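Asker: Structure in structure tokens, see below.
The values are calculated or read from the model by the stated rules, or taken from the named source; none is laboratory data. These numbers come from a predicted model, not from an experiment. In this analysis, Cβ positions are derived from the backbone assuming ideal geometry, glycine residues included, and neighbour counts consider all displayed protein chains. Surface areas here come from the heavy atoms of the whole protein model, side chains and all, with no ligands, DNA or RNA. Shrake-Rupley method; radii C 1.70, N 1.55, O 1.52, S 1.80 Å.
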Amino acid sequence: MAALAWLLIPLVAAIGAGLWGTWANRTRKARSDGPELDGYARFRAAMEKPRSRT
């Protein structure tokens, strides 16, 4: 019976991981890459500015 209890732990973990993966993928579809791409464009613009030497 103890062996079955130890086998139950990975089974519960796998089910939990599957549910979390489904939930994480659902939220990704709801929003686009727009904010991330805007942030990257601002980062590139900031890195392309010449540095002033003080």
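Asker: Over the chain, give the accessible area per residue in Å² for a 1.4 Å probe, as an integer.
Answerer: Numbers: 5540 Å² over 54 residues.
Per-residue accessible area for the chain comes out at 103 Å².
Asker: While we're on this one: Between residue 17 and residue 3, what is the label-to-label distance in nm when each label sits 7 Å out along the Cα-to-Cβ direction?
Answerer: 2.3
Asker: Nearest 500 deg cm²/dmol is fine: what mean residue ellipticity at 222 nm does the chain get from its DSSP H runs of n ≥ 4 alone, each adding -39,500 (n - 2.57), divided by its residue count?
Answerer: So the calculated ellipticity at 222 nm is -28500 deg cm²/dmol.
Asker: Looking at the chain, which longest stretch skips every one of the trypsin sites (Lys or Arg not before Pro) that is in a DSSP loop with at most 15 other Cβ atoms within 10 Å, leaving the sites themselves out? Present the calculation step by step, with values, prior to reporting the outcome.
Answerer: Values: sites that count: 31, 51, 53.
That gives 1-30 as the longest site-free run.
Asker: Between [x] 23, 13, 6; [y] 34, 19, 4; [z] 48, 17, 4, which entry matches semi-axes √(5λ) of the Cα gyration tensor in Å as derived from the coordinates of this structure?
Answerer: The value matching this structure is [z].
Asker: Tell me, what % of the accessible area of the chain is carbon and sulfur with a 1.4 angstrom probe?
Answerer: 66
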